[in-house]
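One structure is given below, encoded as structure tokens.
The values are calculated or read from the model by the stated rules, or taken from the named source; none is laboratory data. A quick note: this is a predicted structure, and the numbers were derived from the prediction, not measured. With ideal geometry, Cβ positions are generated from the backbone for all residues, glycine too; neighbour counts draw on all protein chains shown.
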Amino acid sequence: MPESQIPLLDMYRTMLTIRRFEERCNYLFMQGRIPSTLHLYIGQEAVAVGVCAHLRKDDYMLSTHRPHGHAIAKGVSLRSIMAELHAKATGCCKGKGGSMHVGDMSVGMLPAIAIVGANIPVAAGLALAAKRLGTDRVAVAFFGDGAANEGAFHEGLNMAAIWNLPVVYVCENNFYGASTHFSKVFKIANIADRTEAYGMPGMVVDGMDVEAVYQAAGEAIARARRGEGPTLIECKTYRFVGHSRSDPRTYRSREEEAEWQARDPIPHTAQRLIALGLTNAAALADIEREVEAAIDDAVAFAESSPLPEPTDTLKHVFYEA
Amino acid sequence: MALMTIAEALRQAIREEMRRDPRVFCIGEDIGIPGGWGGAFTVTLGLADEFGHERILDTPISELGFTGVAVGAAIGGLRPIVDVQYGDFLFLAMDQLVNEAAKMTYMSGGTIRVPLVMRAPVGATRRGAQHAQSLEAFFTHVPGLKVIAPSTAYDAKGLLKSAIRDDNPVIVFEHKLLYGSKGPRKEQGAISAVGEVPDEEYLVPLGKGVIRREGRDVTIVGKLLTVYRALEAAERLAQDGIEAEVIDPRTLVPLDKGLILDSVRKTGRLVVVEEDNLTGGWAGDIAAIVAEEAFYWLDAPIKRVSAPDTPPPFAPVMEDFYVPSVERVVQAVKSLF
């Protein structure tokens, strides 16, 4: 794809929004203004953004216990995510989800599924429905390296392949399942190598390079939309922060972290934009201000929103038309 | 009006709903393979001839996976009827049923619907420990799941049709000895649950139980096979002058509490009979409801007649000991007088 067709500036803005949003979440969490835990996506933004740039509002996207980045990239409003993190009635799940279950079906994102690997067969089912109902919708499921050792991965990929379903699996290999390193639980170099066993194309992509992710996802999503079946894209990436907010990261070296941080997709994309003549320092500063303002607005909305009623606990156990 | 078995009634329910709504489809193991059985107990036999293999979708042996596919398909606008050959295999699918199917509506703040039907055969039938368990209590415990347990052909058809039209996940427990499956899938020791099924369309609403036999002296609550055990016990008790009222809740979630409570308020005695094992079982829950809400009408302690706290055994002499017998029900009732 020619560089001129890649929406690099839009993707930069979305990556920056995710980064600043989560930095703010972390700050609010440390202040005790957000309850619960947080699994931050900082470092992995290029994956969500490079993939979701190809998705329509009516395409399905399924996420994990680390869903804020995916949600923002799919178009869930900052206000409704921030309100959900604040456990407010105006949150995208009305306070029933929290950080690990943000989602909004009006923009095609299921409440994130925080059971590792469980979204893999569900994505195949959404793809089956899209196909059977005669639409050209696709389903995309994000998951981590750890999910590839779940039975649901094997069962889900196999069924997606045998039924030729319009689903794209995006494995974000950040090399750690909580504290366990990839090399301890995989005998192979690439998770994508497993796709051969299912009769499905697999791709390995630099997950720190939003353009590379965008190119790979574009091919896979177009294939799915044409009815040519599923693909798995493995994006090698890294979370710059701990697994969750209580993780001191004592299982990995600061040197390893520094190597990955040197490849931070956000400053790299800024440099690329300037090198390509698509923006300049002043315009980037404007984006930074606009992003901060949008997050300020989301926080103000969340903080001024009402709490749910305690008895709202009893609502929505069953669906009511 | 036609006479049919439960297997035939379930098949007719599926056929009618698939004709009525193109979004309805079946998914499971060995359900539509040409020359196959039509599911382990013949319920889907022949349906692929009418609806094709896209709507009678045979799967790999991947219970977790195809249950997850069904969850996704339901969220995406289809209405799957999932078939696991034996209820015991539901344990393989537990994550998808409990964490995904049952919680997705709640986690989404009421915006997502999961119209999924899971059909699961239960009951000890000379197959040993892993193809025999009665699992109802595992699922009545899960908020977000509805649970039905039809014991007659009429109810099987009417309840399944209601379940297919429901916008929530519904688990259907079917008893292997009640199916009336024919040919090589006929079950040894089966009870004939052949019954009249109207020719015209009807639904049995979820959440409404029935009184199978009226009586003034004791209330016996059963489900699936134990409804029949309770009815036989009631006939024997009548010879001794004890008139038992036999209640079949038909739906376990939502439960028709009022029917049971009204009966106990009339009779003053309660025996709950189930094939599941005792501890943490469904019978204990019924006993607790009655103890909380109708204690002052009770003239005697509540009795549970359940399987013992063991896995289902194989040897027929042990299995006959394990499954609550008519005699055990009779003795339990007599102990209250």
For this session: Of the numbered conditions (1) of a type in the set (G, A, S); (2) within 23 Å of A:A73 (Cα to Cα); (3) crowded, with 24+ Cβ neighbours inside 10 Å, A:G146 fails exactly one; give the number of that condition.
Result: (3)
For this session: From (1) of a type in the set (G, A, S); (2) touching a Gly at 6+ places or on another chain (Cβ under 8 Å); (3) at the interface with chain A (Cβ under 8 Å from one of its Cβ atoms), pick out the condition that doesn't hold for B:G77.
Result: (2)
Exercise. When you look at B:S181, is it out of contact with any Phe, Trp or Tyr (no Cβ under 8 Å at 6 or more places or on another chain) and small (G, A, S), yes or no?
Worked result: no
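Return the only residue of B:V82, B:V43 being within 11 Å of another protein chain (Cβ to nearest Cβ) and hydrophobic (A, V, I, L, M, F, W, C). Even if it seems obvious, please write down each step before you answer.
Values: B:V43 fails: within 11 Å of another protein chain (Cβ to nearest Cβ).
Every option except B:V82 fails the conditions.
Consider A:H268 carefully, then state whether it is within 14 Å of chain B (Cβ to nearest Cβ) and surrounded by 11 or more Cβ atoms within 10 Å (Cβ to Cβ). Outline the logic, then answer.
On the way: within 14 Å of chain B (Cβ to nearest Cβ): no; surrounded by 11 or more Cβ atoms within 10 Å (Cβ to Cβ): yes.
Considered against the rule, which asks whether it is within 14 Å of chain B (Cβ to nearest Cβ) and surrounded by 11 or more Cβ atoms within 10 Å (Cβ to Cβ), A:H268 comes out as no.
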Exercise. Assuming B:G215 fulfils every condition listed in (1) farther than 25 Å from B:V24 by Cα; (2) touching a strand residue (DSSP E or B) at 6+ places or on another chain (Cβ under 7 Å); (3) outside any loop (DSSP other than H, G, I, E, B) apart from one, which condition is it?
Worked result: (3)
For this session: Considering each residue of the stretch A:291-321, count those that are free of Cβ contacts under 8 Å to residues at least 60 places away in the same chain and under 23 Å from the mean Cα position of the chain (by Cα), and give that number.
Result: 2
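Does any residue of the stretch A:169-182 turn out to be in a helix (DSSP H, G or I) and surrounded by fewer than 17 Cβ atoms within 10 Å (Cβ to Cβ)? Don't jump to the end; show me each part of the working.
Filtering the stretch A:169-182 for residues in a helix (DSSP H, G or I) gives A:182.
Restricting the remaining residues to those that are surrounded by fewer than 17 Cβ atoms within 10 Å (Cβ to Cβ) gives none.
Taking every residue of the stretch A:169-182 in turn, none turns out to be in a helix (DSSP H, G or I) and surrounded by fewer than 17 Cβ atoms within 10 Å (Cβ to Cβ).
In the stretch B:16-35, which residues are crowded, with 16+ Cβ neighbours inside 10 Å and either of a type outside the set (F, W, Y) or away from every other protein chain (no Cβ under 14 Å) (or both)? If you could, list the steps in order and put the result at the bottom.
Narrowing the stretch B:16-35 to residues crowded, with 16+ Cβ neighbours inside 10 Å: B:16-18, B:23-32.
Listed by number, the residues that qualify are B:E16, B:E17, B:M18, B:R23, B:V24, B:C26, B:I27, B:G28, B:E29, B:D30, B:I31, B:G32.
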For this session: Any chance you could count how many residues in the stretch A:127-171 are more than 10 Å from every other protein chain (Cβ to nearest Cβ), under 18 Å from A:H70 (Cα atoms) and touching a residue at least 60 places away in the same chain (Cβ under 8 Å)?
Result: 10
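Where in the stretch B:223-298 are there helices (runs of 4 or more DSSP H), lying fully within it, with 1 or more residues that are of a type in the set (S, T, Y)?
Working: elements: B:225-239, B:257-267, B:282-293.
The qualifying helices (runs of 4 or more DSSP H) are B:225-239, B:257-267.
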Exercise. Given A:M30, A:M61, A:M82, A:M15, which one is farther than 21 Å from B:S108 by Cβ and either touching a residue at least 24 places away in the same chain (Cβ under 8 Å) or in contact with a Phe, Trp or Tyr (Cβ under 7 Å, 6 or more places away or on another chain) (or both)?
Worked result: A:M15
Problem set entry | Filtered residue count, the stretch A:133-145, keeping only those that are out of contact with any helix residue (DSSP H, G or I) (no Cβ under 8 Å at 6 or more places or on another chain) and not hydrophobic (A, V, I, L, M, F, W, C) | 3
For this session: For the stretch B:101-123, state whether one or more residues are of a type in the set (D, E, K, R) and assigned to a helix (DSSP H, G or I).
Result: no
Exercise. Of all helices (runs of 4 or more DSSP H) completely enclosed by the stretch A:64-144, which ones contain at least 3 residues that are in contact with a Cys (Cβ under 9 Å, 6 or more places away or on another chain) and at pLDDT 95 or above?
Worked result: A:68-74, A:78-85
For this session: Select from the stretch B:131-164 the residues that are touching a Pro at 6+ places or on another chain (Cβ under 8 Å) and part of a loop (DSSP other than H, G, I, E, B) and write down the one among them that is surrounded by the most Cβ atoms within 10 Å (Cβ to Cβ).
Result: B:A149
For this session: For the stretch B:51-59, indicate whether the set of residues that are at the interface with chain A (Cβ under 10 Å from one of its Cβ atoms) and either aliphatic (A, V, I, L, M) or closer than 16 Å to B:S162 by Cα (or both) is non-empty.
Result: yes
For this session: Would you point out the residue of the stretch B:94-129, among those that are without any contact (Cβ under 8 Å) to a residue 60 or more places away in the chain, more than 10 Å from chain A (Cβ to nearest Cβ) and over 12 Å from B:P169 (Cα atoms), that is surrounded by the most Cβ atoms within 10 Å (Cβ to Cβ)?
Result: B:A120
Exercise. Name the pairs: first residue in the stretch A:39-58 and on the phi > 0 side of the Ramachandran plot, second residue charged (D, E, K, R), Cβ to Cβ under 6 Å, at least 6 apart or on different chains?
Worked result: A:G43/A:R239
